[in-house]
Structure formats: C-alpha cells, structure tokens
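Colleague: What follows is a single structure, and I will ask about it in a moment.
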Amino acid sequence: MVFDRLGAVVSRHWILVLLAWAALMVGIDRLAPRWDQITHDGDFAYLPDRMTSGRGEQLLEAAFPEALSKSQVALVVSRADGKLQAADFQVADRLLARFTPNRDERSEERPQGPITGVWSYESQVVGKKLISRAGTGGQALLIVLRLKNEFMAIDNMKLMAEIHQTLDRLRLEPGFPKGLELGVTGSAAIGADMLFSAEQSIRNTELTTIVLVFVILLVVYRAPGLVFVPLVTIGISVFVAMDLVAMLTQFSQWLGWFDFKVFKTTKIFVVVILFGAGTDYCLFLISRYKEELQRGLVHDEAICAALAGVGEALAASALTTIFGLAMMVFADFGKFRYSGPAIALCLVVALAACVTLAPALLRGTGRVIFWPFGIGPAMRPDGDIGSETNGPSLTGWFWRRLGRAVVARPGLILVASILLLAPLAWQGLSVPITYDLLNELNADRPSVQGPRLLQRQLLTGETGPVTVVAYQKNARFDTKSGRDRIAWLTKFLYNLKYVDSHAEEAKPIVSVRSLTEPLGDTPGSFNPLSPTGRRKLAVLRHPKTKATFVSQAGALAGNVTRFDLVFQYDPFSEESVRLLGYVEEQLLATADDPHSNWHGATFDLVGTTAGIRDLKAVTTSDQVRIQVLVVIAVLAVLIVILRHPPICIYLVVSVLLGYFVTIGTTELFFSWLYGDTFHGLDWKVPIFLFVILIAVGQDYNIYLATRVFEEQERRGPLEGLRVAVVRTGGIITSCGIIMAGTFASMTTGTLRAMHELGFALSLGVLLDTFIIRTVLVPCFLALIARRTDAPNDRSARVECMPPVCSPGAK
C-alpha cells in the first residue's frame with residue numbers, strides 16, 4: 001500500500017524529510033511575492049460580462065469616456081440645528097480644495113489617484129441637487145468624489161484613510177464651527193470600510209485560531225510535545241501554501257495561460273480551514289500512533305502502522321474537502337470561482353505536511369513527545385485503555401455505553417433523533433438572504449454613520465444613483481425629435497407608481513436627471529421668467545450638459561443617452577433592488593411596444609443597486625449549481641474510498657440534514673440577536689456553509705466508517721461496530737471541538753457575515769460531531785450489521801460483552 005511505503009520512508013529518513021520541508025519553506029518564501037501585493041477584492045468586478053450592469057458599464061465607458069465613474073465617495077457637511085453658516089461653507093471649501101484635482105476647474109475630469117472628478121454644490125449641472133433646503137431637520141450638502149475603481153477596490157483604501165484623517169483634523173481645529181457635523185458615505189466608502197473590517201477580521205481570526213488550537217490541544221493531551229507537533233505542522237503548511245498560491249497568482253499574470261486570483265478574505269478561510277482540518281489530521285495520526293505504541297510496537301513500526309491505518313482515511317477526508325471546494329471553479333461569480341480552488345490547493349499542502357512532516361516530527365522526538373504522562377497503559381481488546389485494577393476511563397465508559405445502546409436499539413434511536421432534528425431542518429429549507437452590504441458593517445463605522453446625517457435631509461439616494469444607459473440606432477438624441485423622446489421618457493420614469501414591500505403604493509423616484517432635465521427638476525415645470533427657470537435655461541444651453549447626457553464619441557455619437565435616477569431608498573437596500581427590477585420591466589415593455597418612440601432601444605442599468613441586483617442573480621444561480629456539483633463530487637470520492645454505495649449515499653444525506661438544521665438554527669439565532677435590524681443571513685453564508693460543511697463534515701464519517709470496516713473484519717459486524725465507536729469516540733470528539741473552535745474564531749472579526757458564518761460552521765461541526773457521527777451514522781450501520789450478522793453469533797457477542805463498569809471486563 002502507498003501509506004505503508006510512505007511510513008517506511010518517513011520513519012527511516014525522518015531527518016531528510018524535516019530538512020526538505022525547511023528548505024521548501026525558505027526557498028518558496030524567497031520566490032513568492034507578499035500576500036498583500038497580489039490580493040484583489042471587489043464584488044461587481046467579478047460578475048459575468050453578460051449581466052446588465054457589466055454591459056451598461058462597458059457602453060458608458062465607450063460613450064462617455066471622460067465621465068466614467070464606477071463608485072462614489074460622498075463627503076457630508078451637515079447642520080442639524082438650522083441653515084448652514086458661512087463658516088460651514090468655508091469648511092466645505094477646504095474639503096473641495098483638498099480633494100478636487102484642479103481647484104480652478106472643479107468639475108473637470110482630471111485624475112488624482114482613483115478620483116476622476118468631483119461634484120459639489122458649486123458644480124454647474126448637478127450642484128443644485130447636492131445641497132438640501134433648510135428645514136426642521138437642518139441643512140446638508142454633499143461633495144461627491146467620483147472614482148474610477150469599483151466600490152470594493154483595494155486602491156480605494158488609501159484614499160479613504162486620507163479622507164478620514166482630513167475629517168478628524170478639521171474636527172479638532174480650534175475654529176471648527178460648533179454644531180457642524182462631518183461624515184462620509186457612498187458606495188466606495190462602504191466598500192473601503194468593509195475592506196478595513198476584513199483586515200481587522202483577518203488579524204483577529206489568525207490570533208484567536210492559534211490560541212484556541214493551542215489551548216484545546218493542551219487540554220486534550222496535557223502534553224506540550226503533542227501540542228507542538230500539530231502547531232508546527234500546520235503553521236509550516238499555511239506558510240508554504242499561501243506562498244504557493246501567491247506564486248501561482250503572479251505566474252498567471254506573467255504567462256497569461258490561466259486566470260488565478262486571490263482576495264483579502266481568502267486568507268481567513270485558508271487559516272481557519274487549514275488549522276481546523278490539518279489539526280484533525282494530525283490528531284488522528286497521533287492517536288493511532290499512540291495506540292500502536294500501546295500495542296507494544298517500537299517507534300519505527302508504530303509510525304508505519306499508524307500511517308497504514310489512518311493514511312487512507314486522511315486522504316479520503318481531505319479529498320472530499322478538496323474536490324468539494326474545487327467544484328466552485330464552475331461558478332459564474334469570479335470570487336467563488338477563484339476562492340474555492342485556492343483554498344483547495346492550500347489543503348493539498350496541509351495534507352502533504354500531515355502525512356510526511358508530522359510523522360517525521362513524531363519519529364524524531366520519540367517518547368519525549370508524550371511527556372509528562374507517557375503513552376499510558378496498554379490497549380484492551382474491547383477498545384478501552386487501562387489495566388484491570390484501574391478500570392476504564394470516564395470517556396471510555398461513555399463510549400462503551402453508547403456503543404452498547406447503538407447495537408441494542410439502533411432503529412429507535414435513529415427515528416427519535418431524526419424527529420428531534422426535523423423542525424430545525426424544515427426551518428433551514430427556506431432562509432431569508434440579504435445583500436444589504438451596509439447592514440454588514442458595525443454601527444460605529446464612518447460609512448454607516450454618514451447616511452444618518454443624510455436621512456434628515458432626504459439626500460440618501462444621491463450617494464448611489466441608478467444610471468439608465470439607452471442605445472437606439474440612428475436615434476439622433478441631440479436633435480429636437482431626440483430631445484422630445486428623452487423628455488417623454490424622463491417624465492415617464494419620474495411618474496412611475498410602485499407598490500413597495502409593505503403593499504403600499506409609492507412614488508419612489510425622487511428625481512430623474514437627463515438631457516431635458518439636467519437638474520432633476522419635476523418634468524414639465526418650467527417658467528423662464530423665474531430665477532429657477534432662468535437657471536435651468538442656462539444649464540440647458542451649457543455645452544457641458546449635452547456632453548454629460550448624450551454621447552459625443554465616434555460611432556455612438558447621438559445614439560446613446562443616459563438618465564440618472566435617484567431613488568428614495570438606500571442604494572444597498574432590498575427595496576431599491578426590487579424597485580430596480582420594476583423600472584427595468586417598464587423600460588423593456590416600452591422598448592417592445594411597436595407604437596413607442598423607443599421601440600427597438602436597449603436599456604442597461606448601471607450603479608450600486610444594479611450591481612447588487614446582478615450579484616444576487618448570479619450567486620443564486622451559482623449556489624444551486626455548486627450545491628449539486630459538491631454533492632456529486634463528495635459522493636464520488638466516498639464511493640471510491642469506502643466502496644459501499646448505500647452507506648456512502650446515507651453519509652451524504654446525513655450531512656445534508658446537518659446543513660439544513662444548522663442554517664435553520666443560525667437564522668433563528670441571529671433573527672433573535674439582531675431583532676429588527678436582521679433582514680436575513682448574509683448572501684455569502686449559505687454557499688460557503690454548504691461547501692465547507694458538506695465536504696469537511698464527511699471527515700468524521702470517513703474516520704468512523706473506515707475504522708468500523710477494519711474492526712468488523714476482525715470481530716464481526718456488530719461487535720466490530722461497537723469497538724470502532726469506542727476507539728474513535730474520544731479522538732473524533734476532540735477533533736470536532738478543535739474544528740468548531742477554529743471556525744468560532746471567525747466571530748472575533750467585525751463583519752456580520754463572518755459572525756454568521758463562523759457561528760454556523762461551528763454549530764454545524766458540533767452537530768456533526770455529537771449527533772450525526774455519534775448517533776445517526778452508527779445507528780444506520782448497526783441496522784445494516786444486524787442484517788448481515790448471524791442471529792446466533794450476534795446474541796453470543798452481545799452476551800459476552802463485559803458489564804459497563806466491571807473492572808474485570810475484557
């Protein structure tokens with residue numbers, strides 16, 4: 001067997017194995033770029049090109065190359081106790097001077113880092129809409145920095161850090177106006193806060209994971225040496241794996257043969273999964289190694305026997321996770337497509353370290369590794385450890401009692417367990433999901449506090465308007481007939497009626513800016529003799545208005561126009577997404593109407609809300625596809641390894657039950673915890689929970705099943721099952737607690753999605769450890785064993801079982 005030979009090589013050449021890993025770690029570190037140099041982020045940038053937000057963005061870039069903006073930062077200058085004062089405007093002017101590319105030409109599209117342009121209350125076309133009327137809620141103005149980057153681009157972080165420093169410095173100045181509030185919001189501000197929170201989550205997760213694993217290992221083994229082996233093994237594998245992934249990312253850029261990317265949050269999953277799964281692999285190896293020493297084997301033989309005994313189970317459990325994660329490569333959403341294979345590759349490195357580096361460390365340290373308690377007494381034939389005078393251990397007593405119960409009443413226990421889990425599983429079949437990115441951040445983040453300043457003046461929608469990009473062949477939108485069509489559609493959109501999620505009819509579009517209404521005024525309201533009318537007439541005649549709303553670029557000149565829609569809802573909210581869908585339906589109906597002047601036109605929607613709507617559509621489709629592929633992949637690996645198709649199918653079904661119970665319980669818990677602010681689980685939770693839980697959750701089933709088959713060959717179906725439950729119970733429980741602890745470390749971050757996912761994964765692993773692997777799987781195996789075990793043999797084996805607490809039991 002492969003692991004027999006591997007064990008012989010490692011035990012004989014353990015020094016060379018240690019040197020090889022040391023050389024690999026040093027060598028790859030010298031060649032690999034730093035992780036922060038190659039990481040990406042963002043969501044909308046990794047949507048398929050076929051989505052309307054992607055198509056519209058491409059058309060916008062081609063039609064309005066000088067005015068393209070993919071995200072915005074809105075600086076808020078607000079006073080709650082009345083009108084803005086002259087000193088307040090001086091503060092706003094200082095912000096303009098700091099962040100406008102050219103102070104003398106504030107609306108010019110001249111780049112300064114990611115800033116492509118600035119809109120303010122002084123801008124010629126849209127300035128009037130960026131300052132609210134003074135009222136009971138006070139008055140506020142916006143300075144909108146338009147950025148060339150997507151809202152979660154890493155490049156935005158430097159700009160946002162500079163903005164926060166500038167606002168803090170202004171607030172601390174002696175002459176800062178009393179009662180004036182400064183804030184920041186907008187899609188790019190929210191994206192940057194998510195990235196800052198992700199960085200903090202990574203730091204917290206790494207530290208908490210290492211501390212938790214160290215403490216749990218120390219409690220389980222009470223031997224410093226046995227803590228040392230898993231931590232060193234997994235620490236080196238994480239180090240090597242991340243450098244390897246970084247190198248592959250760099251090679252993909254150089255060669256162009258394949259596309260491979262990693263993201264900031266990928267590191268969280270790499271650390272948590274490798275420390276959790278890798279520690280489990282080490283624990284099973286150490287447990288079997290100790291068992292072989294208790295049988296009387298010397299160290300060389302014990303290493304070989306341990307690898308031969310658990311190597312196949314380790315490989316099988318790792319392969320289920322590797323293949324499960326690898327199935328994410330078939331996702332349409334780029335972050336799923338890249339993240340799954342990257343984590344799977346890291347797990348391959350961890351598996352290699354656990355079957356080579358860990359045995360070499362055990363062989364090199366000898367019996368010292370078990371100090372101060374040694375290897376303990378010899379293993380007894382019934383699966384417990386301890387001499388006749390000492391009697392069985394407390395945990396041994398529990399697992400022997402459980403083994404007897406499973407063998408005696410498997411059907412009753414199985415049915416009762418399923419009935420208890422059924423209500424929670426039913427809850428998990430339909431769980432609300434949210435794409436509200438603002439709701440994911442803590443309430444103290446600047447980008448969350450900023451919109452609260454705006455809500456008093458009803459300017460929230462200005463931070464993320466929806467852009468409708470209309471293309472019509474030979475439209476000539478810059479002619480009178482074209483202007484008439486634009487005026488009609490502007491009025492049509494402005495007057496749309498909409499039934500919101502509360503079944504109430506609303507007029508949800510606050511304003512529509514277009515060629516005929518560049519200020520977003522009420523369509524048709526125009527008095528050229530009034531001050532407002534004269535200002536509107538001046539804006540209409542301004543050449544910049546035409547360039548802003550009708551394309552002047554090449555073949556698209558005159559054939560593409562844009563409408564900027566300001567919704568009354570938060571751009572990130574579910575209500576805005578629903579409204580966007582309704583607007584799109586109305587536009588498509590207009591284009592399909594043969595009697596309409598817009599017949600044959602194409603409409604694409606661009607902006608934060610459009611991106612979220614497309615993100616929802618893509619990830620919902622991906623979730624279904626990936627769930628099916630993960631189940632098929634995991635089932636295929638189980639059948640190849642275990643060679644018992646009915647048992648393999650049951651193992652997958654049992655973990656699926658665990659998934660639905662877990663996600664249903666998670667939804668109930670966070671609904672209670674967050675109260676009215678809970679709108680559903682974060683959109684990333686179901687897919688990552690499913691992939692990780694279905695794949696990783698098979699680890700303990702594989703460990704148990706392979707040991708059951710091994711013991712059944714020696715002792716018969718029922719007695720072999722009982723002994724396998726006893727001998728694997730303690731170590732599988734320890735592994736489950738460690739794995740749950742590593743996933744729980746994700747809750748120490750600051751992103752709500754990480755809290756939800758960390759809680760769900762921990763709960764799912766504990767459910768798998770204490771219910772599925774402990775009850776559901778053994779009971780099913782016992783039912784099968786009863787059919788294959790001869791009645792006489794079965795009764796004889798049960799009768800000869802020693803009493804649970806009998807010190808003389810053998």
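The values are calculated or read from the model by the stated rules, or taken from the named source; none is laboratory data. Since we're looking at a predicted model, the values are computed, not measured. Here the Cβ positions follow ideal geometry from the backbone for every residue, glycine too, while neighbour counts run over all protein chains shown. Side chains included, ligands, DNA and RNA excluded: accessible areas come from the protein's heavy atoms. Shrake-Rupley method; radii C 1.70, N 1.55, O 1.52, S 1.80 Å.
Colleague: Report, as a whole number in µm² per second, the diffusion coefficient that Stokes-Einstein gives for the chain at 10 °C and 1.306 mPa s using the Kirkwood radius over alpha carbon pairs.
Modeller: For these conditions, the coefficient is 53 µm²/s.
Colleague: Further, regarding this structure: Quote the charge dipole size of the stretch 155-256 about the Cα centre in Debye, to the nearest 20; the model charges only the Cβ of Lys and Arg (+1) and of Asp and Glu (-1).
Modeller: Numbers: 6 positive and 9 negative charges, 58 e Å.
Magnitude of the dipole: close to 280 debye.
Colleague: Calculate the FRET efficiency for K497 and L673 from the Cβ-Cβ distance with a Förster distance of 45 Å, rounded to the nearest 0.05. Could you put the intermediate results ahead of the total?
Modeller: Numbers: r = 37 Å, r/R0 = 0.83.
About 0.75, to the nearest 0.05.
Colleague: Here is a further query. Treat each spin label as a single point 7 Å out from the Cα along the C-beta direction, and report the A20 to W488 distance in nm.
Modeller: A separation of 7.6 nm, rounded to one decimal place.
Colleague: Hey, another quick one. Which Cα, out of F336, Q472, G324, lies furthest along the positive dipole direction of the chain (beta carbon charges, K/R +1, D/E -1)?
Modeller: Going by the charge dipole, the pick is Q472.
Colleague: So how much slack lies between V219 and K507, counting 0.36 nm per residue of separation and subtracting their Cα-Cα distance, in nm? Can you show the working numbers first?
Modeller: Details: separation 288, 0.36 × 288 = 103.68 nm, distance 6.23 nm.
Here the segment from V219 to K507 would lengthen by 97.5 nm.
Colleague: Also, quick follow-up: Excluding ligands, DNA and RNA, what is the solvent-accessible area per residue of the chain at a probe of 1.4 Å, expressed in Å²?
Modeller: Details: 32540 Å² over 810 residues.
Ligands and nucleic acids excluded, the result is 40 Å² per residue.
Colleague: Expressed in nm², what is the orientationally averaged projection area of the convex hull enclosing the Cα positions of the stretch 210-369?
Modeller: Answer in nm², one decimal: 10.0.
Colleague: Taking 25 Å as R0, compute the FRET efficiency from the Cβ-Cβ separation of R367 and A8 and round it to 0.05.
Modeller: 0.75
Colleague: Something else about it: Rounded to a whole number, what % of the accessible area of the chain do carbon and sulfur atoms account for, probe 1.4 Å? Mind showing how you got there, number by number?
Modeller: Details: 19620 of 32540 Å².
It is 60 percent, rounded to a whole number.
Colleague: Ok, one more. Give me the angle, in degrees from 0 to 90, between the Cα long axis of helix 299-326 and the longest principal axis of the Cα atoms of the chain, rounded to the nearest 10.
Modeller: Once rounded, one gets 30 degrees.
Colleague: Next question. Under 16 Å between alpha carbons, and skipping anything fewer than 8 positions from K178 in its own chain: which aspartates and glutamates qualify?
Modeller: D81, D88, D168
Colleague: While we're looking at this one, here's another question. So what's the net charge close to L629: Lys and Arg +1, Asp and Glu -1, counting the other residues with Cβ under 15 Å from its Cβ? Don't jump to the answer; show the numbers that get you there.
Modeller: Working: positive: R337, R625; negative: D332, D622.
So the surrounding residues net to 0.
Colleague: Another question about this same structure. Taking the 0 to 90 degree range and rounding to the nearest ten, how far is the long axis of helix 156-172 tilted relative to the main principal axis of the chain, both from C-alpha atoms?
Modeller: 70
Colleague: Here's something else I'd like to know. Loop only by DSSP, 15 or fewer other Cβ within 10 Å of the Cβ. Give me the GluC sites (Glu not before Pro) in the stretch 24-94 that pass, ordered by residue number. It would help to have the intermediate numbers written out before the result.
Modeller: Details: sites: E57, E61, E66; in loops: E66.
Of the GluC sites (Glu not before Pro), the ones in loops of the stretch 24-94 whose Cβ has at most 15 other Cβ atoms within 10 Å are E66.
Colleague: Using only the alpha-carbon atoms of the stretch 245-334, report the extent along each of the three principal axes, biggest first, to the nearest angstrom.
Modeller: 55, 23, 21
Colleague: From Cα pairs below 8 angstrom and at least 6 apart in sequence, can you work out the relative contact order of the chain, rounded to a whole percent?
Modeller: Numbers: 1405 pairs, mean separation 157.8, N = 810.
After rounding, I find 19 percent.
Colleague: If I model a spin label at E61 and Q294 as a point 7 Å from the Cα along the Cα→Cβ vector, what separation in nanometres do I get?
Modeller: So the label points at E61 and Q294 sit 6.3 nm apart.
Colleague: Here's a follow-up. Which length gain, in nm to one decimal place, applies between R94 and L588 when the Cα-Cα distance is subtracted from 0.36 nm times their residue separation? Walk me through the intermediate numbers first.
Modeller: Details: separation 494, 0.36 × 494 = 177.84 nm, distance 4.48 nm.
This chain segment gains 173.4 nm when fully extended.
Colleague: Right, here's the next one. Rounding to the nearest 10 and keeping the result within 0 to 90°, find how far the Cα-based axis of helix 574-592 lies from the longest principal axis of the chain.
Modeller: In the chain, helix 574-592 runs at an angle near 60 degrees to the longest axis.
Colleague: In the chain, if the dipole is taken from +1 on Lys/Arg beta carbons and -1 on Asp/Glu beta carbons about the Cα centre, which of L283, G309, F151 is farthest to the positive end?
Modeller: Sorting the options by dipole projection puts first F151.
Colleague: Same structure, new question: In nm, what is the difference between 0.36 nm times the number of residues separating R714 and I649 and their Cα-Cα distance? Write down the numbers at each step before the final one.
Modeller: Numbers: separation 65, 0.36 × 65 = 23.40 nm, distance 2.51 nm.
20.9 nm is the gain from fully extending R714 to I649.
Colleague: Sticking with this one: In nm², what is the average projected area of the convex hull enclosing the Cα atoms of the stretch 607-689? If you can, show how the numbers build up before the last one.
Modeller: Numbers: hull surface 26.5 nm².
Averaged projected area of the stretch 607-689's Cα convex hull equals 6.6 nm².
Colleague: Within the stretch 1-98, which trypsin sites (Lys or Arg not before Pro) sit in a loop by DSSP and count at most 16 neighbouring Cβ atoms inside 10 Å? Present the calculation step by step, with values, prior to reporting the outcome.
Modeller: Details: sites: R5, R12, R30, R34, R50, R55, K70, R79, K83, R94, R98; in loops: R34, R50, K70, K83.
Hits after loop and neighbour filter: R34, R50, K83.
Colleague: Could you check the spin-label model distance between H164 and S252? Points 7 Å from the Cα along Cα→Cβ, value in nm.
Modeller: Placing both labels 7 Å along Cα→Cβ, they lie 2.9 nm apart.
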